[in-house]
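Peer 1: One structure coming up, written as structure tokens, with questions to follow.
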Amino acid sequence: MSTLSPSSQATPTKPSLPIDLLPIDLARLVSQAHPALLLAAYYIRFPVLVADPVSTLLQTLLPVAAIQVVYAVICLPAVGSNAKPALVKKAKLNASKKGAEPSQVTGKAFTAIFSLLLSLLTTLPLFALQILFGAPVTSHLPHTALSSAHISLLALFPLFYVHGTSASKWREIVSIYSPIDEVFGGSLGALLGAWLGAVPIPLDWDRAWQAWPITVVTGAYIGYGVGKMVGGWLLRGKRVEFE
Amino acid sequence: MATQAPRPRVGTPSVPKAVPGNTNSIAAQYARAKALKDAQEKGGLDRNGRVKSPLVRLNEWKAARFGREWVWGWGFFGWLFFIHITGLYFFTRGFLLTRLVLEEKSLCAEPPVTLSASYKGLGDPENGCWHPKTFDKAIVLIIDALRYDFTVPFEASGEDPAQAYHNALPFLWETAIREPQNAFLLPFIADPPTSTLQRLKGLTTGTLPTFIDIGSNFAGTAIEEDNLLMQMRDAGKRIVHLGDDTWTALFPGYFEGNISRAYDSFNVWDLHSVDNGVNQHIFPLLGERRKDEWDVMVAHYLGVDHAGHRYGPNHPAMTGKLQQMDGVLRDVVRALDDDTLLVVMGDHGMDAKGDHGGESDDEVQAALWMYSKKGVFGRTQPSFVTPPLHAKERPVDQIDLVPTLALLLGLPIPFNNLGKPIEEAFAGKKGNAWENLANVVRTTAAGIKRYQAAYFAARGIDESTIDGSPRALWTLAENTLAGNGKQQMWQDAYRTFSEYQEKNLKVCRDLWARFDVPSMCLGIVILAAGVVSLMLFANCNTDDNTAIVDAPELDRTELQLEIDEFAKGNPPTVTEETTSRSLVRGALIGSLLGVAAGPTVWIATGGGTLLDFGLALTSVSGLIGVLYQEMRRRMAFGNPFPTSFWGWLAVIFTVSQSIGFASNSYTIWEDSITLFFISTFGIATAASSLRLEKKSEMTLGVYHSLVFVALGWAASFSKLCREEQMPYCRSTYYASANSSTSAPWQLIIPFVVAIVLPSIIKSYYTSSRNYEGLAPLWIGWAFRAGLFMSAVFWTLDAADDGEWFPNLGKNTLKSLRVPMAQTVFAMALGAGSVAFGWADPCVSITTEAVPNAASYTDGPSATLTVLGYANTHGTRYFLLVINLLLCILMVQKPMGGGAISLMTWQIFSLLEILDLNSLTTSPIGPVLLALLGSFHFFKTGHQASLASIQWESAFIPLHTIKYPWSPLLVALNSFGAQILAAAAVPLVVLWKQKPQKKGILKSVLRALAWHVAYYAVVGLATTMWAGWLRRHLMLYRIFSPKFMTAALVLLVVDIVGLVVSLVGVRWNTWKVGETFGWG
């Protein structure tokens, strides 16, 4: 293998495009309100989170999932629906008529549930990742698992909803080569935020919020909000280049 | 994968002759195969000598050019080493505490203040100089590392079980309670650094130690200042010394020659020789017949300290040692006469692992017990009869012993003393001798006042300018005394004089932490300019043509062109040319100019010492020369920032960590932070590998990335926690947190390493078909045999520690295992170097007669296949790393050996990752190696603290201390991970590199520059923080040790780079070039 010329970075044969929001006003509105709502809710629950991380993280899991599902259903094109531009047009027509076809609604619901299941499943790799980055192994396992679940809901659920399980697309996503849009930007932001969230942990400030995994979850939420805005607007369409 | 070598180039003689007598050498095979092939080629090249002659000359020319460039490159790193040394020297000189040593001595007839009228006949040694003599004789018995809690009774409870060191030495406590007038027991607080040499200085001179002396612990230097022993000698007392030979180093010629016995103090494996020797001689000397042969006896037991170093405090050996001491003390007391004072003390404590040197509570809290049969001791409060349960209650400073002993023996208090008399010794039987107390404290305080005045005069400082000058307290105390002789007045005077002493001590502590800021700044500036030069060097030598076209056709055409041009007298364009030459010239010219201008500058600045001045001038002018050269070369700076994600990652890793060292938390948790960075890199390369087009490459890239992360994570289970990490960390390096021996299960690790590690290395060799030549023999057999021997060594060592074979003689196991370690070193360094020196590349050559027409358009009639051609450079160079690896593994304890093996595996996966993702020219590779080095420094049972140095590694292949080997072994043990990483740096370039690759040297120099840059930046940052935070509470616990570690690591890496990496690359390239011709 070694005589082969050192491999060059692959450029996918069919360059994928950034995701567009559903072309209705409600989608644009909800998309703007969504991170604000998430962060505000997080801010309100923060004292409780610091006081009792495990049960708070567990109890907020369902509401966060609900917010994410509502956001996805209203704003994002479900997987398969944006394959043809015609379909989008149709959706637009439907939306303007204020009466979606029942089959499409069930399709969306099915996609949302399926994506939720997948997010639950991918909590496990995220959990392993946190352990590899140095999360405690002999204690705090529920803490780590719940923080992974939250990160999964923020970063991965919308991706599943929009892209489904296409292997080539996911290869693009995992190699961080997917074009940046609102969804992918949010995911990158959440992961980067969680990464940066580890920074204050070692400091000897003796604050309750330095406990595992509060800073990481906080970083993920803030990162998600920032990444979603920046991805949908400033960096839209750009790709992350390693070289 | 079998690789089709490009067809042999032009003509036969491009290969050298086979080594005589070795017809099967690769070079010979290659030459023969080539000749065969040439003979078969019909349209052959012309052989009239005109063409092949330029080829030979071209090869020679290239070899010579490589040699020249190498010398310049080596010169650059040598110069850099010099810069690092001078920078660190100037900083250290200004940073470490300095104290002026005064010549003055206290004289019996010249008390510092008019003595109280109530004392009669003072002023001559017979009655007592400054205080009535209480004892004629004294025995000072030191139990090294006797921590205070060893002497305190302990009631075990369910959740707090007794440790091995509890209740083993009850005698001191019992006597203090049973005979309060004869004995007292107090916590005895040492001033850090808590090494024996420093402590003995403090215990005899009564002054504070300075930090810089700690390095002389291995050698020991005579004390010139006024001290207790000097006063004793001047008073005609005969001093006998038994035990630790540090005393004879500090006080040469003080002791009675024929009855004193000194024993080697640094053999920490030996728990009994010193103690038994002392016991053998102490009791006869106490007996009736011989007790007139001496006046003062110093007996220094080392067993407890050595048991701590070797096993940690919580080990049956410690119980045994303390019980033995208990018995010894009972016997000594039994033999004691009425006129002899007995002082028993620890010179320092020990931390949870039994080591010492720093300033944690456990290390500074020793015990002091004084005893006499005269019944002169008292307590000022009845509750004080019970000795303190904890060392925080009623502690006395170790320097307080100096005035106490001096006054009790009727001697003048040494001139430099800063301590105060211990209350219990002067309070009288009833504890109400306030007049006596006030008088002794006043005399002592006056001595301190006299010393202060002399010190400030010598230093040229106005005493009144010192903040919080305690002068007012002195006046107040004197005024108190002026009243009438009531008990209350004496009590008040005692309080005020004590307060004066305490204030003074505090002032001195602050004063001697007086830093020489200009010198520190000069050091920092030199280091910073060194970093800048290094970055410029690394940046300027980046490859312009990163696009590597790998086509044999092109290569051949290019070579033909080169030869044609060369024949015409035009040497090829110089790809090997680096900027080292211009930089080294800049340094030399700058330094020369500096030296030439030196005398003028020296006169202008008023000079200093010649050495300091010369060093400063040479380095500063050299740096200016380098920077000038760079400026001239480029005139304009290019973009100084990294251009790729990976470059940024390298910068973020280095800089964020360096900034973090300004915080004690990030310094304490450095091990977790490096793991975090290592994992980040692995995950990033996994993502990047997914972008690779070829499925096989993608799979391999992801696989190696995950292996890289998983191995780092696995290694993170080896932990040795520092005190500050408690309670969030649990040590796993030794059997328990209170031990310094390995657990039995850990002994399996070296055997697993011996079985598995060579196979892992083999797998990386076979993946590129390079398990050929010397590799199977050296890796599969010699390396493995060495590892097995090392594993047996550690088993024998554990057998010795655990006394598994009580029937064997005391030294049998030691004499068995030491030769094993010596054999391993001989094999690795002796045989290994010869093997690396003479080995042919790890390739094998076959010739196929069947033409493989598909690959070559001109249809050669024979194909020359060189197995492993594509990784010729890397696999051969790694043989050198293996030799070093064997040495490093030999000196690591079982757990550390496991960590270093994981690191070796990580290095391989890192090399594969870099190769697959075309990152071999990025700074990320060398920086990641540096991170691996830093990470595994912690995983081999070290911390950036003095107490974590594994001194006993000096004895692995030796019976006694031998210079320079012992310090070298300790360095190899401490910095093994960084040494391995630095030696592996050239592999970033050499791994998966075919023979005639151009510009190898340039790439290696650049990689080494990035690698050193990581340590240089960290070194600069920790230096700056240590200087900036010099008044920080945690300076001596955290910032100063971190600075010293970083500085040492920087120098070690510099040396390894110069001596191992660069020399190895030169030799390796030479050998590959000899075989395959030069690129």
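Peer 1: Would it be correct to say that B:Ser705 is under 28 Å from A:Leu188 (Cβ atoms), at the interface with chain A (Cβ under 9 Å from one of its Cβ atoms) and hydroxyl-bearing (Ser, Thr, Tyr)?
Peer 2: So B:Ser705 fails the test.
Residue-wise test of (1) in contact with a Leu (Cβ under 8 Å, 6 or more places away or on another chain); (2) small (Gly, Ala, Ser); (3) part of a loop (DSSP other than H, G, I, E, B).
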position: B:Ala352; (1), (2), (3): no, yes, yes
position: B:Asp362; (1), (2), (3): no, no, no
position: B:Lys373; (1), (2), (3): yes, no, yes
position: B:Arg379; (1), (2), (3): no, no, yes
position: B:Pro414; (1), (2), (3): yes, no, yes
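Peer 1: For the stretch B:643-679, which positions are touching a Pro at 6+ places or on another chain (Cβ under 7 Å), more than 9 Å from chain A (Cβ to nearest Cβ) and surrounded by fewer than 23 Cβ atoms within 10 Å (Cβ to Cβ)?
Peer 2: Within the stretch B:643-679, B:Gly647, B:Trp648, B:Val651 qualify.
Peer 1: Of all residues in the stretch B:910-940, which are within 16 Å of B:Ala977 (Cα to Cα) and touching a Ser or Thr at 6+ places or on another chain (Cβ under 7 Å)?
Peer 2: If the condition is that a residue be within 16 Å of B:Ala977 (Cα to Cα) and touching a Ser or Thr at 6+ places or on another chain (Cβ under 7 Å), then B:Val927, B:Leu931, B:Ser934, B:Phe935, B:Lys939 are the ones that fit.
Peer 1: Say whether the condition of being among the aromatic types (Phe, Trp, Tyr) and within 14 Å of chain A (Cβ to nearest Cβ) is met by at least one residue in the stretch B:907-924.
Peer 2: The initial filter retains those residues of the stretch B:907-924 that are among the aromatic types (Phe, Trp, Tyr), namely B:908.
Still in the running and within 14 Å of chain A (Cβ to nearest Cβ): none.
No, the stretch B:907-924 contains no residue that is among the aromatic types (Phe, Trp, Tyr) and within 14 Å of chain A (Cβ to nearest Cβ).
Peer 1: Take B:Pro387 and decide whether it is within 43 Å of the chain's Cα centre (by Cα) and under 25 Å from B:Lys201 (Cβ atoms). Even if it seems obvious, please write down each step before you answer.
Peer 2: Working: within 43 Å of the chain's Cα centre (by Cα): yes; under 25 Å from B:Lys201 (Cβ atoms): no.
In short, no.
Peer 1: Of everything in the stretch A:204-232, what is within 13 Å of chain B (Cβ to nearest Cβ) and over 20 Å from A:Thr144 (Cα atoms)? Give them in sequence order.
Peer 2: A:Asp204, A:Trp205, A:Asp206 - these are the residues of the stretch A:204-232 that are within 13 Å of chain B (Cβ to nearest Cβ) and over 20 Å from A:Thr144 (Cα atoms).
Peer 1: Right, next: Go through (1) touching a Pro at 6+ places or on another chain (Cβ under 7 Å); (2) within 18 Å of B:Leu172 (Cβ to Cβ); (3) not in a helix (DSSP H, G or I) one by one and return the number of the condition B:Asp347 breaks.
Peer 2: So B:Asp347 meets the others, but not (1).
Peer 1: Can you find a residue in the stretch B:757-769 that is within 28 Å of B:Asp801 (Cα to Cα), buried (at least 21 other Cβ atoms within 10 Å of the Cβ) and among the basic types (Lys, Arg)? Give the steps one after another, and end with the answer.
Peer 2: Filtering the stretch B:757-769 for residues within 28 Å of B:Asp801 (Cα to Cα) gives B:757.
Still in the running and buried (at least 21 other Cβ atoms within 10 Å of the Cβ): B:757.
Of the ones still in play, those that are also among the basic types (Lys, Arg) are none.
Scanning the stretch B:757-769, I find no residue that is within 28 Å of B:Asp801 (Cα to Cα), buried (at least 21 other Cβ atoms within 10 Å of the Cβ) and among the basic types (Lys, Arg), so the answer is no.
Peer 1: Does B:Lys998 satisfy the condition of being charged (D, E, K, R) and either surrounded by 22 or more Cβ atoms within 10 Å (Cβ to Cβ) or without any contact (Cβ under 8 Å) to a residue 12 or more places away in the chain (or both)? So that I can check it myself, show each step before the final result.
Peer 2: Values: charged (D, E, K, R): yes; either surrounded by 22 or more Cβ atoms within 10 Å (Cβ to Cβ) or without any contact (Cβ under 8 Å) to a residue 12 or more places away in the chain (or both): no.
When the stated conditions are applied, B:Lys998 does not pass them.
Peer 1: Looking only at the stretch B:428-451, which residues are farther than 11 Å from B:Tyr494 by Cα and among the small types (Gly, Ala, Ser)?
Peer 2: Of everything in the stretch B:428-451, those that are farther than 11 Å from B:Tyr494 by Cα and among the small types (Gly, Ala, Ser) turn out to be B:Gly428, B:Gly431, B:Ala446, B:Gly447.
Peer 1: Given the structure, is B:Val834 within 30 Å of B:Val1063 (Cα to Cα), among the β-branched types (Val, Ile, Thr) and surrounded by 20 or more Cβ atoms within 10 Å (Cβ to Cβ)?
Peer 2: Details: within 30 Å of B:Val1063 (Cα to Cα): yes; among the β-branched types (Val, Ile, Thr): yes; surrounded by 20 or more Cβ atoms within 10 Å (Cβ to Cβ): no.
When the stated conditions are applied, B:Val834 does not pass them.
Peer 1: Step by step: first the residues of the stretch B:221-272, then only those that are part of a loop (DSSP other than H, G, I, E, B) and hydroxyl-bearing (Ser, Thr, Tyr), then the one that is nearest to B:Glu126 (Cα to Cα). Which residue is that?
Peer 2: Checking each candidate, the answer is B:Tyr254.
Peer 1: Considering each of B:Gly128, B:Gly202 in turn, give the residue that is at positive phi, out of contact with any Cys (no Cβ under 8 Å at 6 or more places or on another chain) and either assigned by TED's automatic domain parsing to the domain that holds B:Arg233 or buried (at least 20 other Cβ atoms within 10 Å of the Cβ) (or both). Break it down stepwise before answering.
Peer 2: On the way: B:Gly202 fails: at positive phi.
None of the others qualify; the one that does is B:Gly128.
Peer 1: Among B:Leu285, B:Leu302, which is the only one that is assigned by TED's automatic domain parsing to the domain that holds B:Asp362, modelled with pLDDT of 90 or more, of a type in the set (A, V, I, L, M) and in contact with an Asp or Glu (Cβ under 6 Å, 6 or more places away or on another chain)?
Peer 2: Values: B:Leu285 fails: in contact with an Asp or Glu (Cβ under 6 Å, 6 or more places away or on another chain).
When all the criteria are applied, what remains is B:Leu302.
Peer 1: Kindly list, by first and then second residue, each pair from a residue in the stretch A:218-243 that is on the phi > 0 side of the Ramachandran plot to a residue that is buried (at least 21 other Cβ atoms within 10 Å of the Cβ) and of a type outside the set (D, E, K, R), limited to pairs with Cβ atoms under 9 Å and residues at least 6 apart or on different chains.
Peer 2: A:Gly237/A:Ile180
Peer 1: Tell me yes or no: at least one residue of the stretch B:972-981 is more than 22 Å from B:Val651 (Cβ to Cβ), out of contact with any His (no Cβ under 9 Å at 6 or more places or on another chain), buried (at least 23 other Cβ atoms within 10 Å of the Cβ) and at pLDDT 90 or above.
Peer 2: So far as the stretch B:972-981 goes, yes, one or more of its residues are more than 22 Å from B:Val651 (Cβ to Cβ), out of contact with any His (no Cβ under 9 Å at 6 or more places or on another chain), buried (at least 23 other Cβ atoms within 10 Å of the Cβ) and at pLDDT 90 or above.
Peer 1: Same structure again: Inspect all residues belonging to the stretch B:715-723 and state whether any of them is at negative phi and within 8 Å of another protein chain (Cβ to nearest Cβ).
Peer 2: Yes, there is a match, as at least one residue in the stretch B:715-723 is at negative phi and within 8 Å of another protein chain (Cβ to nearest Cβ).
Peer 1: Okay, moving on. Under 8 Å by Cβ, and 6 or more places apart or on different chains, what pairs join a residue from the stretch B:949-960 that is more than 25 Å from B:Gly358 (Cα to Cα) with one that is hydroxyl-bearing (Ser, Thr, Tyr) and part of a helix (DSSP H, G or I)?
Peer 2: Taking only residues 6 or more apart or on different chains, the pairs are B:Leu958/B:Ser966.
Yes or no, residue by residue, for (1) part of a helix (DSSP H, G or I); (2) at pLDDT 75 or above; (3) farther than 30 Å from B:Ala687 by Cβ:
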position	(1), (2), (3)
B:Phe566	yes, no, yes
B:Pro571	no, no, yes
B:Leu588	yes, yes, yes
B:Gly594	yes, no, yes
B:Ala604	yes, no, yes
B:Phe613	yes, no, yes
B:Gly625	yes, yes, yes
B:Ala650	yes, yes, no
B:Thr654	yes, yes, no
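Peer 1: Moving on. Kindly state which helices (runs of 4 or more DSSP H) lie completely within the stretch A:95-176 and contain at least 3 residues that are among the hydrophobic types (A, V, I, L, M, F, W, C), within 27 Å of B:Trp713 (Cβ to Cβ) and away from chain B (no Cβ under 14 Å). Outline the logic, then answer.
Peer 2: Details: elements: A:102-132, A:141-151, A:157-163, A:167-174.
Hits in the stretch A:95-176: A:102-132, A:141-151.
Peer 1: Name the residues in the stretch B:680-701 that are at the interface with another protein chain (Cβ under 9 Å from one of its Cβ atoms), in a helix (DSSP H, G or I) and surrounded by fewer than 23 Cβ atoms within 10 Å (Cβ to Cβ), would you?
Peer 2: B:Thr680, B:Ile683, B:Ala684, B:Ala686, B:Ala687, B:Ser696, B:Glu697, B:Met698, B:Leu700
Peer 1: Against the definition (of a type in the set (Lys, Arg) and either farther than 15 Å from B:Pro926 by Cβ or touching a Lys or Arg at 6+ places or on another chain (Cβ under 8 Å) (or both)), how does B:Lys997 come out, yes or no? Walk me through how you get there before you give the answer.
Peer 2: Numbers: of a type in the set (Lys, Arg): yes; either farther than 15 Å from B:Pro926 by Cβ or touching a Lys or Arg at 6+ places or on another chain (Cβ under 8 Å) (or both): yes.
Spelling it out, B:Lys997 is indeed of a type in the set (Lys, Arg) and either farther than 15 Å from B:Pro926 by Cβ or touching a Lys or Arg at 6+ places or on another chain (Cβ under 8 Å) (or both).
Peer 1: Let me ask something else about it. Sort out which residues of the stretch B:140-163 are surrounded by fewer than 21 Cβ atoms within 10 Å (Cβ to Cβ) and small (Gly, Ala, Ser), and write them in order of number.
Peer 2: B:Ala156, B:Ser157, B:Gly158, B:Ala162
Peer 1: Further question on the same structure: Go through (1) closer than 19 Å to A:Phe133 by Cα; (2) modelled with pLDDT of 90 or more for B:Cys729 and report which single condition fails.
Peer 2: Only one criterion in (1) closer than 19 Å to A:Phe133 by Cα; (2) modelled with pLDDT of 90 or more is unmet by B:Cys729, namely (2).
Peer 1: For the stretch B:291-316, how many residues meet the condition of being part of a strand (DSSP E or B) and either under 19 Å from B:Gln950 (Cβ atoms) or of a type in the set (Asp, Glu) (or both)?
Peer 2: 0
Peer 1: Might you let me know whether the stretch A:186-193 holds any residue that is touching a residue at least 12 places away in the same chain (Cβ under 8 Å), of a type in the set (S, T, N, Q) and more than 14 Å from every other protein chain (Cβ to nearest Cβ)? Walk me through it before giving the result.
Peer 2: First, the residues of the stretch A:186-193 that are touching a residue at least 12 places away in the same chain (Cβ under 8 Å): A:186-193.
Now narrow it down to the ones that are of a type in the set (S, T, N, Q): A:187.
Checking the rest, the ones that are also more than 14 Å from every other protein chain (Cβ to nearest Cβ) come to none.
Scanning the stretch A:186-193, I find no residue that is touching a residue at least 12 places away in the same chain (Cβ under 8 Å), of a type in the set (S, T, N, Q) and more than 14 Å from every other protein chain (Cβ to nearest Cβ), so the answer is no.
The values are calculated or read from the model by the stated rules, or taken from the named source; none is laboratory data. Remember, predicted model here, so these are calculated numbers, not experimental data. Cβ coordinates were reconstructed from backbone atoms using ideal geometry, including for glycine residues, and neighbour counts include every protein chain displayed.
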